[in-house]
Amino acid sequence: MAGTQTLTIIKPDAFGAGKAGKIVAHLEAQGFVVRAARVMHLTAAQAGEFYAVHRERPFYQSLVTFMTSGPCMPMILEKEGAVAALRKAIGATDPAEAEAGTVRKLYAESKERNAIHASDSDDNAVREARFFFGEAEVIGAR
Ligand code: CMP
């Protein structure tokens, strides 16, 4: 999948506010294809493991609390240059700094409650996709 796929999560703020459909439509209109999707309510252990790279950051506990506050929607998205393309499409971490027309500018509330996650490298895209999906759940993987 390296190079053509990435992992995204519509976070609990956006999912809970009923914005998932609009965000998926926004991304599909930009050429992303959904290869896997599920709706799940993360446990603290799952959220803590997913964001383990941020364990030493001051916002880590708050991030885990937020990510376990309600259901979220992980997806594998496909497009040429998927990782860079999705990061451009979602905009800066802080919606106040995100470019006009990006998902976070349109739908995020704050730097923490920022509507959507996107993998930051091809290696992490593979790791994060495996975190959420088994091979049988990914369209085109068999
Ligand atoms: P994400 O792209 O999923 O990666 C890590 C997440 O931590 C980020 O989106 C935000 O939800 C959150 N985050 C990053 N920086 C901060 C911060 N300074 N304060 C609070 N939350 C943050």
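A few points about this structure:
- Mean separation of Cα contacts under 8 Å (6+ apart) over length of the stretch 5-134, as relative contact order %: 39
- The count of lysine pairs in the chain whose Cα atoms are under 16 Å apart, excluding pairs fewer than 8 places apart on the same chain, comes to 8.
- Binning all Cα-Cα separations of the chain at 5 Å, short to long from zero, yields these whole-percent fractions: 2, 11, 20, 24, 24, 14, 4, 1, 0.
- Each residue of the stretch 81-87 was assigned a 3J(HN,Hα) from its phi angle through the Karplus expression (A = 6.51, B = -1.76, C = 1.60, θ = phi - 60°), giving x, 4, 4, 5, 5, 6, 4 Hz with x at Gly and Pro.
- Under a Gaussian network description of the chain, with springs only between Cα atoms under 10 Å, the residue in R104, R130, R57 that fluctuates furthest is R57.
- Label-point separation, S62 to K88 (7 Å along Cα→Cβ), nm: 3.2
- Ordering of 105-118, 15-28 by burial proxy (mean other Cβ atoms within 10 Å per residue, highest first): 105-118, 15-28
No lab work stands behind these numbers, since they all come straight from the coordinates. Note that this is a predicted model, so its numbers are computed, not measured. Counting neighbours? That spans all protein chains shown, and the Cβs are built from the backbone with ideal geometry, glycine included.
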